[in-house]
Structure formats: C-alpha cells, structure tokens
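The values are calculated or read from the model by the stated rules, or taken from the named source; none is laboratory data. A quick note: this is a predicted structure, and the numbers were derived from the prediction, not measured. Quick reminder, even Gly has a Cβ in these numbers, built from the backbone with ideal geometry, and neighbours come from all protein chains shown.
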Amino acid sequence: MSTITAQGEKTLVLASGRAHPELAKEIAKELDIELLPTSAYDFANGEIYVRFEESVRGTDAFVIQAHPAPINEWLMEHLIMIDTMKRASAKRITVVAPFYPYARQDKKHRGREPISARLVADLYKTAGADRLISVDLHTAQIQGFFDGPVDHLMAIPLLADYVRTRVDLDNVTVVSPDTGRVRVAEQWAERLGGAPLAFVHKSRDVNVPNQAVAKQVVGQIEGRDCVLIDDMIDTGGTIAGAVKVLKNAGAKDVIIASTHAVFSDPAARRLAESGAREVVVTNTLPIPPEKQFPQLTVLSIAPLIARAIREVFEDGSVTSLFDGRS
Ligand code: R5P
C-alpha cells in the first residue's frame, strides 16, 4: 500500500511471523495488500533464521506475530524479524503483538521477582521497534513500559456487540472474575445498556502457578444472565471456577467473553464442561481444531487491527476507532 504525502511517497509493508499466519493474511486482505514474502526456518539446534525476500528500504513496516505456546520461540522470532527489518533499512517499524507476551508479570508481587513485561518492551525497543500495537493488555500501565507510542486496542466493542445479540439486555449482569478487572467490567456494563456489575472473589497461592480458587460472588446474580469477562483464558481454571460459583449462587445462565484464547491444557475440556452456555473469544491467538468445542464462538480481531494499521500509516487517529471522534 502506498500513499503520497507532502514529504513524498510512503509505502506500507506487513510482515508476519509463523505463529498465526491466518490472522496476518486476514489483516492483509482487509488492507488490500500482500504480506511481505518472508523466509523463516529453524536450524537443528532451534536457532531461527529470517529473511525478507523483497526490499523494505524506506518503508513504513508493520511486523505482526502472535504469541501462543511455545511463547519464547515466537517472541524470539518476532525480535529477529524486527532486527532484520531494521538492518534492511525500513524507515519506521511498528510491532504488532495482539497478545502481549509476559503481560501477567507486570509488577513484583513479591521480592526477588522480575518485571518480565517491561523486559519484553525493552527487547522490542532494542531490536529496533519504534511503535507498538497490542490488544487488551493485561494491565493498561504496560503501555508505559515501551519507550515510544503504543496503540492499545480494545476488543470490548467487538465482543460486546456480539454478546448483546445473545442475552436479554433487561436481565443481564456483567461479572468480573476478580477485583482487578472491575474497571473493564464497567466499560462492558456501559456497552450492555447500563447492566449491573458483580465480581467473584478469588484467591491465589503465589507459589502455585495457574491455580486460582474462586470463592464467592459479590453482587446480585440470582436468576440473572451473567456475562463473565476476562482478558485471557489460559488453563481455564479461573473462569470455570467462576462459572461454578455463579451457578451455585443461582445464576440463570452464563456467557463467557474473553479476548485472548490462550487455551493451555486442560482449558478446552474445562470450558466445555463448565456449564457456560457460550464461550466467546477473538482470534488474537490461533485455536487449533483439537482445542475447539461446541460452545465456542471465535470473532475476528483482523478488521480492528487492520484499521489501526491504516490509521498509523496515514497519520490518522487510532482513538477515533473507539469513540468515533478524531
Ligand atoms: C489473571 O489475572 C488473568 O486475567 C486470568 O484470569 C488468568 O491468567 C487466567 O488463567 P487461567 O485460565 O489459567 O486461570
């Protein structure tokens, strides 16, 4: 894609890592461009090789990669692609990381811990990134970790517009699976016609990863259609536990809505057996056939990312994607 500016002609290129080519292809289609022809493979010892097969000199380059398991491998490939782009003289490099890696380690919960989300931002910067686009960061302050402009896209409009069609708006309650997500739950409530809020109180043993215990629900959910929201579903423990608590407290129905379908085992089984009527996610991460189940609905995030890329390329307003203003 090219555009003429006062400074001359600008060219947009979109390069994709190997983690989720379907999403990259969909975004390219939305932008009406071809993905940059790229060679990438692994050496016998696991080292990754990347080469762009066309010149990128002087371009406005967007480098997209998804970060499913094995996340370290895909992150490394992403960094190598950015380095390749820098050394091939792209004029500006925007990292597109729909699911930001290591977002959950965004602070020291205890002494002698890393802040891995900050480290990832530093790695992107060191590799050569000028800007970053991501979707539903685990916590908004991660924006401040990256030394450059960050466009933080929100999947709420996409998810909520769909969920609106699946619930009785006069009988819906938005439920956050923990106290940390209440602000996001408020945005959901606004989009669902001012629905009331509730949250599940959960506790976690900091020494045991991937294990949170949902305890009780705070708020009125008896006889209500509950929309249970979260930024990500990893093993499904948090969300399945919350469904159980809601059902035990008399919820009529539960729909789960979450942006990032990490779906580490045994998430698919847990979700399928959770008792939730529907599980609505986006395709920021690939969902292989063996992780799909009858109650699953996957909405495409590609149009939103494509619009953001177009706005960045044309020096437009990404904010306008959300509030309709410039
Ligand atoms: C926690 O703060 C996150 O928002 C998710 O609730 C959590 O990471 C999901 O993990 P899992 O599905 O393994 O319980």
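Residues are listed down the side, and each one gets a yes or a no for (1) at pLDDT 95 or above; (2) over 17 Å from the mean Cα position of the chain (by Cα); (3) closer than 20 Å to Pro98 by Cβ:
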position: Leu23; (1), (2), (3): yes, no, yes
position: Lys29; (1), (2), (3): yes, yes, yes
position: Leu36; (1), (2), (3): yes, yes, yes
position: Glu53; (1), (2), (3): yes, yes, no
position: Asp60; (1), (2), (3): yes, yes, yes
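Out of everything in segment 166-196 that is of a type in the set (A, V, I, L, M, F, W, C) and within 23 Å of the chain's Cα centre (by Cα), what residue ends up being surrounded by the most Cβ atoms within 10 Å (Cβ to Cβ)?
Step one: of segment 166-196, the residues of a type in the set (A, V, I, L, M, F, W, C) are 167, 169, 172, 174-175, 182, 184-185, 188-189, 192, 195.
Still in the running and within 23 Å of the chain's Cα centre (by Cα): 174-175, 182, 184-185, 188-189, 192.
On the way: Val174: 27, Val175: 32, Val182: 14, Val184: 19, Ala185: 23, Trp188: 22, Ala189: 20, Leu192: 18.
Among them, the one singled out is Val175.
Given (1) free of Cβ contacts under 8 Å to residues at least 12 places away in the same chain; (2) surrounded by 14 or more Cβ atoms within 10 Å (Cβ to Cβ), where does Glu113 come up short, assuming only one miss?
Against the list (1) free of Cβ contacts under 8 Å to residues at least 12 places away in the same chain; (2) surrounded by 14 or more Cβ atoms within 10 Å (Cβ to Cβ), Glu113 comes up short only on (2).
Residues to consider are Thr235, Thr297, Thr259; find the one that is surrounded by fewer than 22 Cβ atoms within 10 Å (Cβ to Cβ) and not in a loop (DSSP other than H, G, I, E, B).
Values: Thr235 fails: not in a loop (DSSP other than H, G, I, E, B); Thr259 fails: surrounded by fewer than 22 Cβ atoms within 10 Å (Cβ to Cβ).
On inspection, the qualifying residue turns out to be Thr297.
May I ask you to list the residues in segment 161-184 that are at pLDDT 95 or above, of a type in the set (A, V, I, L, M) and more than 16 Å from Val243 (Cβ to Cβ)?
Leu169
Taking Asp170, is it in contact (Cβ under 8 Å) with a residue 60 or more places away in the chain and either within 16 Å of the ligand (Cβ to nearest atom) or of a type in the set (Asp, Glu) (or both)?
Values: in contact (Cβ under 8 Å) with a residue 60 or more places away in the chain: no; either within 16 Å of the ligand (Cβ to nearest atom) or of a type in the set (Asp, Glu) (or both): yes.
Spelling it out, it is not the case that Asp170 is in contact (Cβ under 8 Å) with a residue 60 or more places away in the chain and either within 16 Å of the ligand (Cβ to nearest atom) or of a type in the set (Asp, Glu) (or both).
Would it be correct to say that Val245 is away from the ligand (no atom under 11 Å from the Cβ), under 11 Å from Val172 (Cα atoms) and hydrophobic (A, V, I, L, M, F, W, C)? Talk me through it step by step, then tell me what you get.
Numbers: away from the ligand (no atom under 11 Å from the Cβ): yes; under 11 Å from Val172 (Cα atoms): no; hydrophobic (A, V, I, L, M, F, W, C): yes.
No.
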